[in-house]
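Here the structure comes first, spelled out in structure tokens, and everything after it is commentary.
The values are calculated or read from the model by the stated rules, or taken from the named source; none is laboratory data. Since the structure is predicted, the reported quantities are computational estimates derived from the model, not experimental observations. Cβ: placed from backbone, ideal geometry, glycine included. Neighbour counts: every protein chain shown. To get the accessible areas, we keep the full protein, side chains included, count just its heavy atoms, and leave off ligands, DNA and RNA. Shrake-Rupley method; radii C 1.70, N 1.55, O 1.52, S 1.80 Å.
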Amino acid sequence: MRQKEVIVTIYLKDGMAVKSPEGLERPIDAVELANEYNDSGVDAMVLFDLSEDDAEHEKNLMIIREINNNSEIRSCAGGNIKRLEDVKKFLYAGCNGVVLNGSKPETADLVVEAAKRFGEDKVFVSIKTMDFIFKHGEDLKEYVRGILVLNNKILDFDGFENSTSLPCIVYFDEYDEDYIVKVLSSDQVEGLAGLVVNRVYRRNAMKLKSDLSNRGIKFNNFEPKLKWEDLKPDKKGLIPVIVQDYITKDVLMLAYMNEESFNMTIRTGKMTYYSRSRKKLWVKGETSTHFQYVKKLIADCDTDTILALVSQAGGIACHTGSPSCFFNDIISKDYIEKNPLKIFETIYNIIVDRRENPKEGSYTNYLFDKGIDKILKKVGEEATEIVIAAKNPNKEEIKYEISDFLYHVMVLMVECDITWDEVTKELSRR
């Protein structure tokens, strides 16, 4: 049996996330919600645009682009797709595919057009009945990557598997474990979505995977290479855990695990510790919502200490409200920062400070005062200088010109409100 996937659905209305096409009350921040799902262990997202006019559609597209820039998982988008241009907009917003509504009469032609233009691997169709399959089954085979089955009851139709061999993502609104296991046991079904993921297991996709794995359904959940018995806890049965941000590599905190918290961390994907003072397990973020989602657990050379790379929700690890528990200086010595990303961030922040707090005689302020055309002219000039330097066998000159170029690019980035975080995420996504 192939590995299955857990897929979350986010409905977008006026740039915010809502519960469903009918449940528009109490909208919340869509980007934060997507980040939460991303960290919780879902494998992909379906983003549905519920806009009613062009202005709202553009707003939702901006949010979809931001979600994709911040996310590490695949996404497909649907809703408000009437022509090939709409398909292109979603793909250009960073989506890996589009979902076309099988209940609309124009969808059949658009499926073929989109597949020919962007590839059949980019096209999905959502269905609630068998009508689209009956009418366009042959086209589905050639032009569609998969089907989103929004009404799982049609799977009970005896001829479903004979009508199409395309892979399916099936929506479940209720957690009927026996029925879900039965459906997922089919090789044709690649994963599950619906309210089961959105609400029942919100922030707990890894637990959903673990629960269904116990019933024989395979997911890409954590399978530890080292088990507790391979580690060396102290006399009290505890192992220290050093917690580090998986992106910045900042050390966030130190805590302890026993066997139960170790196994629960692997099962749920959320850092769970043993409190020595309270003598019980505690899930980091259980009261503050500042959860720590596991990215990687590593044992040291003696297997008596664990390094945990995590995504820190809310950016706050310490109970004091500090990003890190380590902030009380004892001694320090000045040193030259050599971490490339840290250097870029430091220079970028200096440029931001110059824009917000102008300094007389500053070349950076001179560029900002002259405006975008001057900044672009300098970027172009410095790019040309790199080309000229590279034609000469002088490595030092090339380094110098690249440094000039990168500085001017950073000025351009600040002028256009683009951060290094956004750039590195775009590079990573590619």
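For segment 32-69, the set of GluC sites (Glu not before Pro) satisfying both a DSSP loop assignment and a count of at most 12 other C-beta atoms within 10 Å is given as Glu52. Here's the picture: charge each Lys and Arg Cβ at +1 and each Asp and Glu Cβ at -1 in segment 53-98, and of Ala77, Asn96, His57 the one pushed furthest to the positive end of that dipole is Asn96. Using the Cα coordinates of segment 88-205, the gyration tensor eigenvalues translate into equivalent-ellipsoid semi-axes of 24, 18, 11 Å, sorted from longest to shortest.
Along each principal axis, taking the top coordinate minus the bottom one, the Cα set of segment 296-369 gives 56, 28, 27 Å in descending order. Heavy-atom surface analysis with a 1.4 Å probe gives the chain a carbon and sulfur content of 51 percent of its accessible area. Dipole size of segment 101-244 about its Cα centre, with +1 on Lys/Arg Cβ and -1 on Asp/Glu Cβ: approximately 940 debye, rounded to the nearest 20. The loop-placed GluC sites (Glu not before Pro) in segment 248-288, going by DSSP, that have at most 15 neighbouring Cβ atoms within 10 Å of their Cβ come out as Glu286.
Round to a whole angstrom and tell me the spacing of the C-alpha centers of segment 265-333 and segment 1-64. So the separation of the two Cα centres works out to 29 Å. With the Kirkwood sum run over all distinct C-alpha pairs, segment 282-326 has a hydrodynamic radius of 11.5 Å. The residues of the chain have, on average, 55 Å² of accessible surface per residue, using a 1.4 Å probe with all protein chains present. Comparing Gly194, Gly314, Gly41 in a Gaussian network model of the chain (Cα springs below 10 Å), the most mobile by mean-square fluctuation is Gly314. Listed by chain and number, the aspartates and glutamates whose C-alpha is less than 19 Å from the C-alpha of Lys284, apart from same-chain residues fewer than 8 away, are Glu32, Glu36, Asp39, Asp245, Asp250, Glu259, Glu260.
Dividing the Cα radius of gyration of segment 70-141 by 2.2 N^0.38 Å, with N the residue count, gives 1.07. Enumerate the whole-percent occupancy of each 20 Å bin, from 0 to the last occupied one, for all C-alpha pair distances of the chain. Reading upward from the zero bin: 21, 46, 30, 3. Rolling a 1.4 Å probe over the protein chains gives Ile127 an accessible area of about 10 Å². Pairs of C-alpha atoms in segment 280-414 farther apart than 17 Å represent 76 percent of all such pairs. What residue among Lys59, Lys225, Lys141 has the largest mean-square fluctuation in a Gaussian network model of the chain, using Cα springs under 10 Å? The residue that fluctuates most here is Lys225. Among the listed pairs Lys232/Lys295; Lys122/Lys207; Lys59/Lys89, those whose Cα-Cα separation exceeds 19 Å are Lys232/Lys295; Lys122/Lys207.
In the structure displayed, which of Lys128/Lys225; Lys4/Lys104; Lys82/Lys141 lie more than 31 Å apart, Cα to Cα? Beyond 31 Å between Cα atoms: Lys128/Lys225. Counting only Cβ charges, +1 for Lys and Arg and -1 for Asp and Glu, the dipole size of segment 27-138 around its Cα centre is about 460 debye. Given +1 at the Cβ of Lys and Arg, -1 at the Cβ of Asp and Glu and no other charges, the dipole of segment 194-317 around its Cα centre is 540 debye to the nearest 20. The GluC sites (Glu not before Pro) of segment 125-210 that meet both conditions, a loop assignment by DSSP and at most 14 other Cβ atoms within 10 Å of the site Cβ, are Glu174. At what distance in angstrom do the alpha carbon centres of segment 337-374 and segment 212-244 lie from each other? First find each Cα centre; the distance between them is then 46 Å. In plain terms, the bigger the Kirkwood radius, the slower the diffusion; for segment 188-304, with that radius from Cα pairs, at 4 °C and 1.567 mPa s, Stokes-Einstein puts D at 83 µm²/s. Solvent-accessible surface (1.4 Å probe) assigned to Leu195 amounts to roughly 50 Å². Farthest towards the positive end of the charge dipole of segment 308-400, among the residues Asn339, Gly314, Gly380, is the Cα of Gly380, using unit charges on the Cβ of Lys, Arg, Asp and Glu. Positive-end ranking of Met130, Ile298, Thr248 along the dipole of the chain, with charges on Cβ about the Cα centre, is headed by Ile298. Largest mean-square fluctuation among Ile388, Ile351, Ile81, in a Gaussian network model of the chain whose springs join Cα atoms under 10 Å apart, belongs to Ile388.
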